[in-house]
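All remarks here apply to the structure that follows.
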Amino acid sequence: MAYQQGDTITAADFNNFAANVNTVIGTGSGDKGYGLSEVSTVAAGNTITAVQWNSLLSGLQKAANHQGTTLTNASNTVTTSGNVLPLSNLGADVTLIDTNRGTAAGANLSTGVAGTTSTRSTSWSGTITHTFTVNFGSSNAARHFFNTGGKIHLVFAQANGAATAQNTAWSDLCSGLGTVTLDATDTTKTGGTYGTNTAIGYRDLTGTNQTIMSAPIGSGDYTANDILIQAKTDGSGLLTFQADLNDDHAAETGTYTGGGLGTAPNEGAGWTGTDAVDGDISSTITFDKADNASYVQVASPSFSNIANL
């Protein structure tokens, strides 16, 4: 029979509570685990000490505070020779932190932390690529980062170019896409004009590139232009992102005829219009992470550029 208020708790009952709390706050597996120190279990026949009770309650409370979850036993502690009867609904509290394990209170996150950047200031056409890695050091560290509310953000910008329709099209595409965010379960964007959210998050990544965001310009002279973002993982905590900026707009062509440049020796000669993007185009990567030393705090990943724009 499960433990109830007023019962003499057995080591098995206590260890069951500890195991369920540890699944959330400890190493865990899959979508469970924050990477915190785990609650110790009790050997059969031993007395459960106040220190052990408080370790359990502390782990429970750290998870709840990180999540913003309200617990029945929020302020309870046990003293030596004290009474544990006030620990009502302990099982329900443990269930609550498990149910809310994917939630993180905003106040407990560091947001917009600098990752890496790549900027191109020379003119270009065709495709330019920003490839970068995010290294967590281990698969568990990567899981804990995303399980505790971690996110990777990508922002693209085009500025300082000549006043051409092509530059304007790229500026509009970048601003219309806004911030692209990969979290545990999805990839979303903040812009309202370009790009489509996908149900591909960290947990869906494999060893092969998957498209997490595609943002074509949609219509008009530059309809062939787009930003394509792919991501993959090596399974040991190393993520690789590839952002392709494709300027597939075809330059206008024609033949010189009649007058001006059309006179000899140019008459009948073919011409191709200018087709390049100039100014500064950039890719900026930031991240959010759990960062409250009193509740849940994870290490920052490291970033490396493999290919620059």
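Here residue 282 meets the list (1) modelled with pLDDT of 95 or more; (2) assigned to a loop (DSSP other than H, G, I, E, B); (3) not hydrophobic (A, V, I, L, M, F, W, C) almost entirely, failing just condition (2). For the range 148-172, filtered to residues that are modelled with pLDDT of 95 or more and in contact with a Phe, Trp or Tyr (Cβ under 6 Å, 6 or more places away or on another chain), the residue that is farthest from residue 189 (Cα to Cα) is 148. Of the set (1) surrounded by 16 or more Cβ atoms within 10 Å (Cβ to Cβ); (2) assigned to a loop (DSSP other than H, G, I, E, B); (3) touching a helix residue (DSSP H, G or I) at 6+ places or on another chain (Cβ under 7 Å), all apply to residue 9 but (3).
Among the criteria (1) surrounded by 16 or more Cβ atoms within 10 Å (Cβ to Cβ); (2) at pLDDT below 95, the one residue 263 does not fulfil is (1).
Okay, residues lined up against (1) in contact (Cβ under 8 Å) with a residue 12 or more places away in the chain; (2) on the phi > 0 side of the Ramachandran plot; (3) aromatic (Phe, Trp, Tyr); (4) in a loop (DSSP other than H, G, I, E, B):
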{"position": "192", "(1), (2), (3), (4)": "yes, no, no, yes"}
{"position": "195", "(1), (2), (3), (4)": "yes, yes, no, yes"}
{"position": "208", "(1), (2), (3), (4)": "yes, no, no, yes"}
{"position": "212", "(1), (2), (3), (4)": "yes, no, no, no"}
{"position": "215", "(1), (2), (3), (4)": "yes, no, no, no"}
{"position": "219", "(1), (2), (3), (4)": "no, no, no, yes"}
{"position": "222", "(1), (2), (3), (4)": "yes, no, yes, yes"}
{"position": "230", "(1), (2), (3), (4)": "yes, no, no, no"}
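Among the residues of the range 290-309, those that are part of a loop (DSSP other than H, G, I, E, B) and under 30 Å from residue 127 (Cα atoms) comprise 301, 308, 309. Of all the numbered requirements in (1) part of a strand (DSSP E or B); (2) under 19 Å from residue 188 (Cβ atoms), residue 133 misses one, and that requirement is (2). Quick check on residue 240: is it polar (S, T, N, Q), under 23 Å from residue 112 (Cβ atoms) and in contact (Cβ under 8 Å) with a residue 60 or more places away in the chain? Criteria met by residue 240.
If you scan the range 142-190, which residues turn out to be out of contact with any Ser or Thr (no Cβ under 8 Å at 6 or more places or on another chain), within 30 Å of residue 24 (Cα to Cα) and either part of a loop (DSSP other than H, G, I, E, B) or of a type in the set (A, V, I, L, M) (or both)? 148, 150, 182, 183, 184, 185, listed by residue number.
Name the single residue, out of those in the range 162-182 being over 22 Å from residue 112 (Cα atoms) and out of contact with any strand residue (DSSP E or B) (no Cβ under 7 Å at 6 or more places or on another chain), that is surrounded by the most Cβ atoms within 10 Å (Cβ to Cβ). Checking each candidate, the answer is 169. If the condition is being touching a strand residue (DSSP E or B) at 6+ places or on another chain (Cβ under 7 Å) and exposed (fewer than 14 other Cβ atoms within 10 Å of the Cβ), then the range 183-209 contributes 190, 196, 197, 206, 207, 208. The criterion of being of a type outside the set (Gly, Ala, Ser), surrounded by 14 or more Cβ atoms within 10 Å (Cβ to Cβ), assigned to a helix (DSSP H, G or I) and not assigned by TED's automatic domain parsing to the domain that holds residue 245 holds for residue 93.
The values are calculated or read from the model by the stated rules, or taken from the named source; none is laboratory data. Model, not experiment: these values are computed from the prediction. Cβ sites come from the backbone with ideal geometry, for glycine too, and all protein chains shown count toward neighbours.
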